[in-house]
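Below: one structure, written as structure tokens.
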Amino acid sequence: MVELKKDLPEIFEEFADQRRNSFLAIKKLKEQGVPVVGAFCTYLPKELPRAMGAAVVGLCSVSDETIPDAEKDLPRNLCPLIKSSYGFAKTDKCPFFYFSDLVVGETTCDGKKKMYEMLAEFKPVYVIELPNRQSEEGIAMYRREIIRFKEELERRFETTITEDADLSQADYIAKSVQTDCLMEVAAGTADAAILDLTLASAMIGEGTDYADLKMVDELNVEEYGVAFRKGSDVPDAVNTAFDELKADGTMQALADKYGLTLAD
């Protein structure tokens, strides 16, 4: 079982306010028992660590502050990004690396692969193998790597990741207008939206303002009807009108237009 690091580094008092605040913010998560998984690349499937309740943090560094420290171990002609990232890890100056219970790397370049070997000397590291080309074989390989990563998370953190576990960790934002949900997804500020099937069918997909969005699941079956007060004589007239609209095909045309299934 992984023992979560909760103490601040010895050099904490040397940091500027913003970095101190970052250390304190992630320390608060650790005190709540939340594991932290650090990632160096967007190829990491963040959904998996999040599904087990972990926080996922980015570790790539772009400041040259720690490059001199890194060059004590790494060649001077190595990529500055790698040297910066390694330097912040080595000196405990990055709050996210410092509190990471697992660091996840990927095989994007030889320099990074060497860095992961060296990071593994003082931090748990897991490396995801990436395919070198886009092909059926590459997709199959990546799928195996994702499954292997899931199994490693389950083993290391003594947990079980289920298909619907990620939903329980999702942040929920309520919107009073359904169209605002679509705007959030289109803007990238939300990963998904739950809204009325009829509205979704009419407003997303080819020929709409949200042509890039699509429906991925239907949570329930919706049935529509028309209600009247008890004792009203209007239902007979409405039923007659509906029968006529069904008979001449108008009702079916409307159903087809809005992606609905016409009831018997």
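Some points to look at:
- Evaluated with a Cβ-only charge set (Lys, Arg +1; Asp, Glu -1), the chain carries a dipole of roughly 1280 debye about its Cα centre, given to the nearest 20.
- Relative to the dominant Cα principal axis of the chain, helix 136-157 is inclined by about 70°.
- Distance between the 7 Å Cα→Cβ label points at Ala263 and Phe242: 0.6 nm.
- Applying 0.36 nm per residue to the separation of Asn77 and Leu199 and subtracting their alpha-carbon distance, the gain on full extension is 38.3 nm.
- Here's the picture: charge each Lys and Arg Cβ at +1 and each Asp and Glu Cβ at -1 in the chain, and of Val216, Gly188, Gln178 the one pushed furthest to the positive end of that dipole is Gly188.
- If you run the Gaussian network model on the chain, springs between alpha carbon atoms under 10 Å, then out of Glu206, Glu152, Glu71 the most flexible one is Glu206.
- ³J(HN,Hα), Karplus 6.51/-1.76/1.60, whole Hz, each residue of region 34-50, x for Gly, Pro: 8, x, 10, 10, x, 10, 9, 8, 6, 6, 5, x, 4, 4, 5, x, 5
- Note that region 112-128 has calculated 3J(HN,Hα) couplings of 5, 4, 5, 4, 5, 4, 6, 5, 5, 6, 9, 8, x, 10, 10, 10, 8 Hz, one per residue in order, obtained from phi through the Karplus relation 6.51 cos²θ - 1.76 cosθ + 1.60 (θ = phi - 60°); glycine and proline are x.
- Size-normalised alpha-carbon gyration radius of the chain, reference 2.2 N^0.38 Å: 1.46
- Sequence-distant residues sharing a close amide H with Val104 (under 5 Å, placed H): Gly38, Ala39, Phe40, Tyr126
- Equivalent ellipsoid dimensions for region 186-257 as semi-axes, Å, which come from the Cα gyration tensor, largest first: 34, 16, 9
- With Cα atoms, 0 to 90° folded angle of helix 17-31 axis to the chain main axis: 70 degrees
Taken together, the values in this text are just the output of simple stated rules run on the coordinates, not laboratory data. Everything numeric here is computed off the predicted structure, so don't read it as measured data. Using ideal geometry, Cβ is built from the backbone for each residue, glycine included, and neighbour counts are taken over all protein chains shown.
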